[in-house]
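The values are calculated or read from the model by the stated rules, or taken from the named source; none is laboratory data. All figures in this text were calculated on a predicted structure; none of them were measured in a lab. Quick reminder, even Gly has a Cβ in these numbers, built from the backbone with ideal geometry, and neighbours come from all protein chains shown. Only protein heavy atoms, including side chains, enter the accessible area calculation; ligands, DNA and RNA are left aside. Shrake-Rupley method; radii C 1.70, N 1.55, O 1.52, S 1.80 Å.
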Amino acid sequence: KKEESLQDTPIALDAFDEDALEREGISNVGDLANNVPAMTIEPFPINSTQLRIYIRGIGLIDAQVTQDAPIGVYIDGAYIARSSGLATDIADLKRIEVLRGPQGTLYGRNSTGGAVNLVTKRPNVDELEVKQTFSAGNLGLFSSKTSLNVPLWQGAAAKVAYITKNRDGHIDNDGVSEYGDYGDKETMGYRFDFGWDVNDWIRVDYAYDYSEVEHTNYTYTVIWPSTDIDTGNAPADAVNNAIRAEARNFYTYPGYDKKPDAINSAVPLLGSDTEIEGHSLTFAFSISDNLEIKYIYAQRDLFDGAAIDLGTGQSDTAYRLDNNAVLSFDFNSAQGQQSNRSFQYNDRRPELTQEQFSHELQFSGSFADGRVDYITGFYYFEEEAVEDNEEPHHQLTSPLSNSAVVTLAGLPGAFGTPLPLTTNGLQVLTSQIPTVKNTAMALFTQLTWRPPILEDRLAFTLGARRSEDSRQATQYRELVTFAVNGQTGTAADTGTMIQRNILDGRGDEDYSDSSFSFTFEYEINEDTNLYLKRQEAYKSGGFNIREDPSPAGQERFNKGFQPEKVTSWELGTKVELFNRRLRINSDIFFTEFEDQQLNFSIPGSLTDTAVANAGTSQLDGFEFDMTFLAAEGLILILNYAYLDSNIDPSINPLNGQTTDEFMFNSAPQHAVTAAFDWTLYYGEWGRLSWNTVYSYTDERNGGGVRPFRANDMQDDFSVINTRLGMYEIPAFGGELTIAAWIKNLENKDYVVNAIHNLPQADRAVVWGEPRTYGVELIYRFFQ
């Protein structure tokens, strides 16, 4: 909550200043991937602007508007509730901080794994500043970033920043194209900041930002065909067997670690778009040397429309698994009727709209002759959101084999009439509209006391936070299955309704929590600090929109699930040696979960789950960070993270049986980052520097359950990024930087997510970025 030396802060953290962000090519949260060993970042497979963030193995595999992620993300001190848009570039970043481990007292709920702070540049009241950056590279990369800082009057300044960025995806679409290839992205954003030092004790800051991303989502590559295993559910087996047969006719399975250059799509590949708009206002009052009062208001509006296609890889519409074609089909008009209906298509996608605002009032300072530092305050947060999927849309089109037709012909339809033998496929349509309304309030305080003993080298810190949450959610979900006669998957399909399931859920729950932290610090000497910390945090309860549309599923939705609690012990040292040429920071930690929220799969379904507080687990680890000034102009960096994770046997709420199937789904045992920054030349013409980063991530599970470990496994991989640049070149009254860079130098294929439960595949994966390269030109002017 305040700026402080990294070495004096008893927290395991990584900090990237403006130079490091520029050097590593980091402009959003997603770019931190492979830069922090204890942190793994994956794109959400069905929405490229959403991220799955894991710190020390703690993260959320699913993204739902009714559930919160356990990694708190903050922009200029304001909490960001939804993960949509986190992969969007931010116009004018100054610093990113990654706080590892629970942060439950100062950062509150939903920070059980840690917190990520994004800090933007504030207006400079003293100088006129201009910065222009151009980047160009392969995959059609072109970006432009412009910022202008202008002093206005005594103590006041304004800053504007604008960014535009275009880049092609790295997998071509060889099927029915609509918007482009997989991973295409166009980004535009701008930001306005105003800062005013009204007088010696009042500071006002206001910021407005807007960003827009138009993109085409990545999709899963089918690697292994699905296995012929019957579940005993005759209709489900009939569908799955027919899909397997269909897949073998049209899919090409490249092999376990073979990345394709292109993927077919049987239906038009639609685009997705994300829009984010935000306001923030901060007042800081320096009442005295011992008291500062700060008020932070933040507002954020989010729109996210995502097109999904999980049936890609083939070119036949007999099997489809997408939401691309939203239907203008009226469910209610078909109720009680056997007449055939024509399925009319349009290109409207499900859309998320979310609004949030927050207030935070802080009091900070010191007393007792400066021996006690404190911060205390009040926090209020409110959020409303809706996923507008109400208009019926496509979910599944499946062929049926001859034997399946006979089997289904003996089954009565929704209104008692047996299906005709002419049935040759099934089509599943869905309509759903979940909504949430959440409020959260908290009181927090933290005190640090340095007793007048041991030459003031000893400090005790006590933190506490009381949180009150209110969460309301609704979910209307309708699932309708048709027996299709004719050429399946076309606009001319006609069908007879055979099944209709409805979930109409209403959930309203209140949660409360008290979290405490205690830290003992001892400064052994001016170069060595030791700390011991105990930290608590909690992740809010919520509701699961993926409950199956049945009476039991509706009951589980209405009840929701309760918060989970985390307690962590951490012992750390921060050491500087050889006249501050060598810095070594290390820690060991022990983390325990109580009432862990686990996702249990509904048998016979693809995406339906039940969430229950069924888990207890342990995460233990060791982290080591070293920075060494090996010679004049040569800095060597080595970071290492070890993680041992285990989820205890839990009781399945669906059948009451004990299961030990669960694993942490993105918890690599070993992760390493090694880097050097070498200044090859420094003189009147500028500075020539070469920077290279090597990162290694051990194998990790992707699906979260043990029986499918081989299918869900993400193999270990390493990536090398390098950059050579001439910096601080005097030019046109300012400074010029010219740099060339390469990411994934060895062009390695690696997997960032893997699943086992697509009907056509026992293993399907999302690939990491291939080799990319480019040049960058930066001009700075200041006066």
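How many residues does the range 718-750 contain that are under 30 Å from His670 (Cβ atoms) and free of Cβ contacts under 8 Å to residues at least 60 places away in the same chain?
Total meeting the criteria: 11.
Checking the condition closer than 21 Å to Asp712 by Cα and either more than 27 Å from the chain's Cα centre (by Cα) or modelled with pLDDT of 80 or more (or both), which residue from Tyr251, Tyr256 passes?
Criteria check complete, one pass: Tyr251.
Give the range 55-94 a look and list any residue that's touching a Gly at 6+ places or on another chain (Cβ under 7 Å) and part of a strand (DSSP E or B), or say none.
Residues satisfying the conditions are Ile55, Ile58, Ile71, Tyr79.
Restricting attention to the range 100-115, does a residue exist that is at pLDDT below 85 and either under 24 Å from Tyr190 (Cβ atoms) or of a type in the set (Gly, Ala, Ser) (or both)?
no
Being open to solvent by 70 Å² or more (accessible area, probe 1.4 Å) and under 30 Å from Leu32 (Cβ atoms) is the filter here; which residues of the range 647-680 pass it?
Gln669, Trp678, Leu680
Output the residues belonging to the range 524-545 that are open to solvent by 60 Å² or more (accessible area, probe 1.4 Å) and of a type in the set (D, E, K, R).
Once the filter is applied, which keeps residues that are open to solvent by 60 Å² or more (accessible area, probe 1.4 Å) and of a type in the set (D, E, K, R), the range 524-545 yields Glu526, Arg534.
Could you please find all residues in the range 646-665 being outside any strand (DSSP E or B) and either more than 23 Å from the chain's Cα centre (by Cα) or within 15 Å of Thr609 (Cα to Cα) (or both)?
Of everything in the range 646-665, those that are outside any strand (DSSP E or B) and either more than 23 Å from the chain's Cα centre (by Cα) or within 15 Å of Thr609 (Cα to Cα) (or both) turn out to be Asp648, Pro649, Asn652, Pro653, Leu654, Asn655, Gly656, Gln657, Asp660, Glu661.
Can you confirm whether the range 26-45 contains a residue that is in contact with a strand residue (DSSP E or B) (Cβ under 9 Å, 6 or more places away or on another chain), open to solvent by less than 20 Å² (accessible area, probe 1.4 Å), of a type in the set (S, T, N, Q) and not in a loop (DSSP other than H, G, I, E, B)?
So far as the range 26-45 goes, yes, one or more of its residues are in contact with a strand residue (DSSP E or B) (Cβ under 9 Å, 6 or more places away or on another chain), open to solvent by less than 20 Å² (accessible area, probe 1.4 Å), of a type in the set (S, T, N, Q) and not in a loop (DSSP other than H, G, I, E, B).
Quick check: anything in the range 364-371 at pLDDT 95 or above and under 27 Å from Asp510 (Cα atoms)?
no
Quick check on my filter: what residues within the range 11-23 are touching a Phe, Trp or Tyr at 6+ places or on another chain (Cβ under 8 Å) and at pLDDT below 85?
Listed by number, the list is empty, since nothing qualifies.
Step by step: first the residues of the range 577-594, then only those that are more than 21 Å from Ala63 (Cβ to Cβ) and surrounded by 18 or more Cβ atoms within 10 Å (Cβ to Cβ), then the one that is nearest to the chain's Cα centre (by Cα). Which residue is that?
Taking the candidates together, the pick is Thr591.
Quick check on Val239: is it in a loop (DSSP other than H, G, I, E, B) and either more than 31 Å from the chain's Cα centre (by Cα) or at pLDDT below 85 (or both)? It would help to see each step written out before you state the result.
Values: in a loop (DSSP other than H, G, I, E, B): no; either more than 31 Å from the chain's Cα centre (by Cα) or at pLDDT below 85 (or both): yes.
No.
Take the range 751-766 and flag every residue that is more than 23 Å from Ala667 (Cβ to Cβ) and in contact with a Lys or Arg (Cβ under 9 Å, 6 or more places away or on another chain).
Listed by number, the residues that qualify are Pro759, Gln760.
Of everything in the range 363-381 that's buried (at least 17 other Cβ atoms within 10 Å of the Cβ) and farther than 15 Å from Thr461 by Cβ, which residue is farthest from the chain's Cα centre (by Cα)?
Once the filter is applied, the top-ranked residue is Gly365.
Among the listed residues Gly686, Gly615, identify the single one that is at positive phi, small (Gly, Ala, Ser) and in contact with a strand residue (DSSP E or B) (Cβ under 8 Å, 6 or more places away or on another chain).
When all the criteria are applied, what remains is Gly686.
Out of all the residues in the range 538-586, which are under 23 Å from Gln618 (Cα atoms) and among the polar types (S, T, N, Q)?
Ser540, Gln562, Thr567, Ser568, Thr573, Ser586
Being open to solvent by 10 Å² or more (accessible area, probe 1.4 Å) and either hydrophobic (A, V, I, L, M, F, W, C) or at pLDDT below 85 (or both) is the filter here, so list the residues in the range 739-757 that pass it.
Hits for the range 739-757 are Ala740, Trp741, Ile742, Leu745, Val751, Val752, Ile755, His756, Asn757.
Can you tell which of Tyr190, Tyr210, Tyr206, Tyr179 is farther than 30 Å from Asp289 by Cβ, of a type in the set (Ser, Thr, Tyr), open to solvent by 50 Å² or more (accessible area, probe 1.4 Å) and not in a loop (DSSP other than H, G, I, E, B)? Reasoning before the result, please.
Working: Tyr210 fails: open to solvent by 50 Å² or more (accessible area, probe 1.4 Å); Tyr206 fails: farther than 30 Å from Asp289 by Cβ; Tyr179 fails: not in a loop (DSSP other than H, G, I, E, B).
On inspection, the qualifying residue turns out to be Tyr190.
Pick from the range 153-176 the residues that are of a type in the set (Asp, Glu) and touching a residue at least 40 places away in the same chain (Cβ under 8 Å): which of them is most open to solvent (accessible area, probe 1.4 Å)?
At the first step, the residues of the range 153-176 found to be of a type in the set (Asp, Glu) are 168, 172, 174.
Applying the additional criterion that residues be touching a residue at least 40 places away in the same chain (Cβ under 8 Å) yields 172, 174.
Details: Asp172: 69, Asp174: 103 Å².
For the range 153-176, the residue satisfying everything is Asp174.
Quick one: in the range 130-144, of everything that is closer than 19 Å to Phe732 by Cα and of a type outside the set (A, V, I, L, M), which residue is least open to solvent (accessible area, probe 1.4 Å)?
Looking at the filtered set, the residue picked out is Thr133.
Could you check the range 548-594 and list, in sequence order, the residues that are in contact with a Lys or Arg (Cβ under 6 Å, 6 or more places away or on another chain) and charged (D, E, K, R)?
Passing the criteria: Glu564, Glu570, Glu576, Glu594.
Restricting the search to the range 533-555, which residues are under 30 Å from Thr519 (Cα atoms) and part of a strand (DSSP E or B)?
Let us first name the residues in the range 533-555 that are under 30 Å from Thr519 (Cα atoms), namely 533-541.
Hits for the range 533-555 are Lys533, Arg534, Gln535, Glu536, Ala537, Tyr538, Lys539.
Go through Arg556, Arg500, Arg580 for me and flag whichever is of a type in the set (Lys, Arg) and out of contact with any strand residue (DSSP E or B) (no Cβ under 7 Å at 6 or more places or on another chain). Break it down stepwise before answering.
Values: Arg556 fails: out of contact with any strand residue (DSSP E or B) (no Cβ under 7 Å at 6 or more places or on another chain); Arg500 fails: out of contact with any strand residue (DSSP E or B) (no Cβ under 7 Å at 6 or more places or on another chain).
Exactly one residue qualifies, and that residue is Arg580.
Residues being farther than 21 Å from Val766 by Cβ and in contact with a helix residue (DSSP H, G or I) (Cβ under 7 Å, 6 or more places away or on another chain): count how many of those fall in the range 42-86.
Residues in the range 42-86 being farther than 21 Å from Val766 by Cβ and in contact with a helix residue (DSSP H, G or I) (Cβ under 7 Å, 6 or more places away or on another chain): 1 in total.
For Ser617, work out the one condition from (1) in contact with a Lys or Arg (Cβ under 9 Å, 6 or more places away or on another chain); (2) within 27 Å of Gln64 (Cα to Cα); (3) open to solvent by less than 40 Å² (accessible area, probe 1.4 Å); (4) without any contact (Cβ under 8 Å) to a residue 60 or more places away in the chain it doesn't fulfil.
Here Ser617 meets the rest and fails (1).
So which residues in the range 556-593 are among the aromatic types (Phe, Trp, Tyr), over 30 Å from Ile502 (Cα atoms) and either in a strand (DSSP E or B) or touching a Pro at 6+ places or on another chain (Cβ under 9 Å) (or both), if there are any at all?
Hits for the range 556-593 are Trp569, Phe589, Phe590, Phe593.
State which residue is nearest to the chain's Cα centre (by Cα) when the search covers only the range 332-362 and only residues that are modelled with pLDDT under 85 and open to solvent by less than 10 Å² (accessible area, probe 1.4 Å).
Phe343
Among the residues of the range 707-738, which ones are surrounded by fewer than 15 Cβ atoms within 10 Å (Cβ to Cβ), hydrophobic (A, V, I, L, M, F, W, C) and within 30 Å of Val765 (Cα to Cα)?
Hit for the range 707-738 is Ala710, nothing else.
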